């Protein structure tokens, strides 16, 4: 195998030092999912399984178009189907390809306690390095989009890699390559934004006044973006978060508490040490023993006097 | 267990075994917990074989801890009930810290500091247990919402830091007050130790003629 070590990290989980990052001269990439062009054929799901050699377990039919019914360790992308009745009473079938959004500020990476189990490359892709994963599930708590899934077999966390292995050698992700309608595009983030701009203008002309790009600034933008006909209400699309953000609870846990706790523990340890120097040991003296002996003998005398 | 002549039993053999099982669990939980809390401690995961092993063991150690601590709780709760002596003792904390214990009001089997450690742990360990169950990914990962788990993991880590702070105090006090380690390793103290640190307890034993650890023990004082 070729030398596949990465030297283009911009973030590495649970790491206090700068990760190897000299090969950073890369464009930021993005996948653009044009929901208005999607026909829900699930070819992207198949291509993802095909390229990544994934074969999720067969499930029972759940009475919905989703198959399987949710993301799982072997299903890294999933078509979600929502029926929406608009103000005019028209039925709209809103189909969204769900999967990792590859946040610029990844909540999973922030929450991860295992050094190097989650990394972000200079091109923006957030990748799970499974050999370092300890299976704690913290990434699940960090993620604003409810994406990572822990395998019950190997206790590792899995999600879309944005085909980092393909992108690394100049190929587009498998889902992009296979999409028959061109609803999934891939390129530099700037190009994708330009392309989205044109498409949004078209949609507005066609009457979708609220058409827009989903590139949520609360997580620093994402490297997977959507063109939505109803960008004012992302939650219509099977619960796409309106304002995705890393939970304040995770922020407190991973931001505030870590240094404060460390300082507190260090303070207690140093305090104890200083006390041991200043005050010294608390020894039982011969005087204490003498007092005790006296009281014991007195008690004994009284006891024998009684009996 | 046999004790040297003229000594007082501070802890029964059951208490000793129970205490050190609890202590071992606590130390292992602290090491693995800190490894998962802050990257500077992640190397501690090697003590458990690997990160995966550590992640798998930590919750089981927690189950052992709460069962073991329950045993200690049953043995200790009565002697840890708060009373007026504790207020007086706490008011003289400066003298206690200065080793001028002759000037400190006498207390029973446990002083206010020990009681604070006891009730602190008695409060925090169940909190750690419940929040720990909620974030036990293998068995309960799907049992609650992610938001619930976020709350749980934050409380779990804050509670753990609180417990470790109490533990540092506990360990330091045991090293500082000479004779305490022997009391928990071998179970006995000298009469002078009991007179100096827990005079009311000492007098209750003398009055009842009990060898300890409690005045209602039926056996007569050994001379």
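When the helices (runs of 4 or more DSSP H) confined to region A:119-183 are screened for residues that are surrounded by fewer than 24 Cβ atoms within 10 Å (Cβ to Cβ), those reaching at least 2 such residues are found at A:164-167, A:174-178.
Give the residues of region B:168-221 that are within 11 Å of another protein chain (Cβ to nearest Cβ), modelled with pLDDT under 95 and surrounded by fewer than 15 Cβ atoms within 10 Å (Cβ to Cβ), sorted by residue number. Scanning region B:168-221 gives B:207, B:220. Inspection of region B:129-149 finds no residue satisfying the criterion of being free of Cβ contacts under 8 Å to residues at least 24 places away in the same chain, more than 8 Å from every other protein chain (Cβ to nearest Cβ) and closer than 28 Å to residue A:286 by Cβ.
Taking region B:74-91 as the range and being over 18 Å from the mean Cα position of the chain (by Cα), in contact (Cβ under 8 Å) with a residue 40 or more places away in the chain and loosely packed, with under 14 Cβ neighbours inside 10 Å as the test, no residue passes. Per the conditions (1) under 18 Å from the mean Cα position of the chain (by Cα); (2) assigned to a strand (DSSP E or B), the sole criterion not satisfied by residue A:96 is (1).
Per-residue answers, yes or no, for (1) touching a strand residue (DSSP E or B) at 6+ places or on another chain (Cβ under 9 Å); (2) at pLDDT 95 or above; (3) farther than 13 Å from residue A:30 by Cβ:
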residue: A:162; (1), (2), (3): yes, yes, no
residue: A:166; (1), (2), (3): no, yes, yes
residue: A:200; (1), (2), (3): yes, yes, yes
residue: A:215; (1), (2), (3): yes, yes, no
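Within region A:169-188, how many residues are in contact (Cβ under 8 Å) with a residue 12 or more places away in the chain and under 20 Å from residue A:124 (Cβ atoms)? Write out each step before concluding.
Residues of region A:169-188 in contact (Cβ under 8 Å) with a residue 12 or more places away in the chain: A:172-188.
The next check asks that each one be under 20 Å from residue A:124 (Cβ atoms); those that pass are A:172-177, A:184-188.
Qualifying residue count for the region: 11.
Checking the condition in a helix (DSSP H, G or I), in contact with a helix residue (DSSP H, G or I) (Cβ under 9 Å, 6 or more places away or on another chain) and without any contact (Cβ under 8 Å) to a residue 24 or more places away in the chain, which residue from B:115, B:95 passes? First the steps, then the outcome.
Values: B:115 fails: without any contact (Cβ under 8 Å) to a residue 24 or more places away in the chain.
None of the other options fit; the residue is B:95.
For residue A:225, are the conditions met, namely being in a helix (DSSP H, G or I), in contact with a strand residue (DSSP E or B) (Cβ under 8 Å, 6 or more places away or on another chain), more than 14 Å from chain B (Cβ to nearest Cβ) and under 20 Å from residue A:121 (Cα atoms)? Here the answer is no, as residue A:225 does not meet what is asked. Every condition in (1) crowded, with 21+ Cβ neighbours inside 10 Å; (2) more than 14 Å from chain A (Cβ to nearest Cβ) holds for residue B:12 except the one numbered (1). Looking only at residues in region A:198-222 that are in contact (Cβ under 8 Å) with a residue 24 or more places away in the chain and in a strand (DSSP E or B), the one that is farthest from the chain's Cα centre (by Cα) is A:214. Residues in region A:12-59 that are more than 19 Å from residue A:191 (Cβ to Cβ), touching a residue at least 24 places away in the same chain (Cβ under 8 Å), exposed (fewer than 14 other Cβ atoms within 10 Å of the Cβ) and within 23 Å of the chain's Cα centre (by Cα): 1 in all.
Residues in region A:244-279 that are more than 7 Å from every other protein chain (Cβ to nearest Cβ) and either touching a strand residue (DSSP E or B) at 6+ places or on another chain (Cβ under 9 Å) or in a loop (DSSP other than H, G, I, E, B) (or both): A:244, A:245, A:246.
Quick check on residue B:150: is it surrounded by fewer than 21 Cβ atoms within 10 Å (Cβ to Cβ), at pLDDT 95 or above and part of a helix (DSSP H, G or I)? Judged against the criteria, residue B:150 is not a match. Residue B:123 satisfies every condition listed in (1) away from chain A (no Cβ under 12 Å); (2) in contact (Cβ under 8 Å) with a residue 60 or more places away in the chain except (2).
Count of region A:1-28 residues, restricted to those that are within 22 Å of residue A:227 (Cα to Cα) and touching a strand residue (DSSP E or B) at 6+ places or on another chain (Cβ under 6 Å), is 1.
The values are calculated or read from the model by the stated rules, or taken from the named source; none is laboratory data. Since this is a predicted model, take the numbers as computed values, not measurements. Positions of Cβ are generated from backbone atoms using ideal geometry, with glycine treated the same way; all protein chains shown enter the neighbour counts.
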